[in-house]
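Q: Starting off with a structure, shown below.
The values are calculated or read from the model by the stated rules, or taken from the named source; none is laboratory data. Keep in mind the model is a prediction, meaning the values are calculated, not measured. Using ideal geometry, Cβ is built from the backbone for each residue, glycine included, and neighbour counts are taken over all protein chains shown.
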Amino acid sequence: MIEGGLHTLSEITQITNIPKGTLKHLKKRNTPLNKVRSSRPPKLSPRHKRQIVFHITRNHESRRLSVMSIIQDLGLDIGITQLKHTLKDLGYNHRIARRRPFLKKLDRKRRLQFAKRHAHFTVEDWKAFIWTDEMSVKVGMQRSTRDWVWRREDEEFHSDCIDYRKRATGTEMMFWGAFRWGKIGPGVFFELDAGEKVNSTIYRDQILKGPLQEFWEESFREVEVPIVMEDNAPPHKKVCIPVRQELGMRCHQHPPNSPDLNPIENIWAHIKHRISKEYGHVTSVKIMKNVVVNIWNDFGDHRWDHLIESMPDRIRAVIKAKGGSTPY
């Protein structure tokens, strides 16, 4: 109406009830729209954001800095909440670090070599293996503290974002177990004197010439040539070597520091989680031994088949990681 020029401002006021002063202001600005207000200038420039990313990704320790430490280290004039939002916008979230063994360069090389040698193995090939290992059990086992890191979604297994802490020492018992596809094998505790550790003689007398030999011989009923998978621990060597040769037991060794290449490690993790969650109050060695044996014996024969069926994926994951840590 103003632009048309057919009405005076007084007439427009009578028609629209808009104050005459407002109409004069609109006519002067030549637009009915409000002015676009400039937004508040950002406190963090692109340069600041680059500094933040560089600061938290420098090394293993910087990934674990608190929000306040980051603000103080860089002298930022912002609050904790704003920095958290900024980090999230940059793709960095606060996540619990995955616990994995520390891998030296030689460990990575051996893992990659093992994976490449077995890249052609199918699930049917892995079904012939008997998976064995030892697990330490502590009285009063409790959940460990969590290790928080700043990382992107694709950095879950970045070397700086992994929790390499060793588990706490305590009153330990050693449990040995074995299983294969379709069959849970024996699970027994080593009989050790106070302060005694498992050596090759103890392993030979209490495991190799006992429950392991029995389970291996029984496996011939369903497996053409069962293969025993062990790690390269010292107790499995020395006096054990001639016994295996005498029995004709075919064995395989997975590389050191490679729990992801032995599916029984996932069973150990399950048992320890149950102990810490349900039996952390137990202080009796005898009771704890019964708890572990009962958990093991309650497993159905096919409960853990999926772990063995995942072996081809585990092998591919190690190759993809070039011998590094994997999700398994």
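Q: Quickly run through the range 170-190 and pick out the residues that are modelled with pLDDT of 95 or more and assigned to a loop (DSSP other than H, G, I, E, B).
A: Those that are modelled with pLDDT of 95 or more and assigned to a loop (DSSP other than H, G, I, E, B): 181, 182, 190.
Q: Further question: Could you list all residues from the range 318-328 that are surrounded by fewer than 22 Cβ atoms within 10 Å (Cβ to Cβ) and assigned to a helix (DSSP H, G or I)?
A: 319, 320
Q: Out of the residues in the range 45-67 that are more than 18 Å from residue 165 (Cβ to Cβ) and in contact (Cβ under 8 Å) with a residue 60 or more places away in the chain, which is surrounded by the fewest Cβ atoms within 10 Å (Cβ to Cβ)?
A: 57
Q: Let me ask something else about it. Answer yes if at least one residue in the range 219-234 is part of a helix (DSSP H, G or I) and more than 20 Å from the chain's Cα centre (by Cα), and no otherwise.
A: yes
Q: Also: What residue, of 193, 163, 260, is surrounded by fewer than 19 Cβ atoms within 10 Å (Cβ to Cβ) and closer than 26 Å to residue 100 by Cα?
A: After ruling out the rest, the residue left standing is 163.
A quick yes/no check of all residues on (1) surrounded by fewer than 17 Cβ atoms within 10 Å (Cβ to Cβ); (2) under 21 Å from residue 257 (Cβ atoms); (3) not assigned by TED's automatic domain parsing to the domain that holds residue 135:
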| residue | (1), (2), (3) |
| --- | --- |
| 283 | yes, no, no |
| 293 | yes, no, no |
| 296 | no, no, no |
| 300 | yes, no, no |
| 304 | no, no, no |
| 316 | yes, yes, no |
